[in-house]
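Before any comments, here is the structure.
The values are calculated or read from the model by the stated rules, or taken from the named source; none is laboratory data. Every value quoted in this text rests on a predicted model; they were computed, and no experiment measured them. Glycine also receives a Cβ, built like all others from the backbone with ideal geometry; neighbour counts cover every protein chain displayed.
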Amino acid sequence: MDLVLRWWTRADADALRAAVAESPDLPRQLGDVPLASVSACASAIEGQLADRRPDSLNLAVALDGRAVGNVGVSAIDRRHDTAWLSYWMTTSLRGQGLTTRALASVAGWAHAELGLVRLELGHRLDNPASCAVATGAGFAPEGVERAKLRYGQERFDVETHARLTGDEQPVRALLPTPRLA
């Protein structure tokens, strides 16, 4: 099993479409962009996932060459050296520790390569699996933000977590990461 982190490409459109078909929660994770076809997935990759901006970037989690997940670094604030991390994994691969390894790897990469000091993330309180990923990747819980997210008409409380440069790296089998250039 070859698991790596790499940049998204338009060639990943089939894999993203398959992940969406298997994981109906993904469109919400990706901001409700249209993902009903391979061409729509290609557009989403070009417009969102493959777009490397100074304040945001995404890394595909690739298993044997096929994109099966994502770890995003967004809201990069160079004044304070902080960022917001997000992650998803296709349903069939959840619960195997792959997302935790990917998140821990990107966190270490963001500290070392991007020079970020504080990395933050949040998960809905009704998603204990996401909490396990965050804590397993070394993100300490910091508190609950009530009614922070809204999906449709329903509001959700969110637990925030953070990882600082110098915090313990709990995952030892980190994934290879790409170069910034």
- prompt: Which ones in the stretch 132-161 are within 19 Å of the chain's Cα centre (by Cα) and not in a strand (DSSP E or B)?
  reply: Ala132, Val133, Ala134, Thr135, Gly136, Ala137, Gly138, Phe139
task: Could you tell me whether the stretch 108-130 includes any residue that is in contact with a helix residue (DSSP H, G or I) (Cβ under 7 Å, 6 or more places away or on another chain), of a type in the set (Lys, Arg) and farther than 30 Å from Ala18 by Cα?
output: no
- line: Considering residues that are surrounded by 12 or more Cβ atoms within 10 Å (Cβ to Cβ), free of Cβ contacts under 8 Å to residues at least 24 places away in the same chain and charged (D, E, K, R), the number found within the stretch 142-154 is 2
message: Against the definition (under 13 Å from Leu3 (Cβ atoms) and either surrounded by fewer than 19 Cβ atoms within 10 Å (Cβ to Cβ) or within 15 Å of the chain's Cα centre (by Cα) (or both)), how does Val71 come out, yes or no?
response: yes
message: Test of understanding: among Ala15, Ala21, which residue is modelled with pLDDT under 95, assigned to a helix (DSSP H, G or I) and more than 19 Å from Leu174 (Cβ to Cβ)?
response: Ala21
field: the stretch 165-177, residues that are surrounded by fewer than 14 Cβ atoms within 10 Å (Cβ to Cβ) and in contact with a strand residue (DSSP E or B) (Cβ under 8 Å, 6 or more places away or on another chain)
entry: Pro176
task: Please work out which residue is farthest from the chain's Cα centre (by Cα), limiting yourself to the stretch 74-130 and to residues that are surrounded by 23 or more Cβ atoms within 10 Å (Cβ to Cβ) and of a type in the set (Val, Ile, Thr).
output: Thr90
field: Filtered residue count, the stretch 103-131, keeping only those that are hydrophobic (A, V, I, L, M, F, W, C) and either under 21 Å from Pro24 (Cα atoms) or in a loop (DSSP other than H, G, I, E, B) (or both)
entry: 6
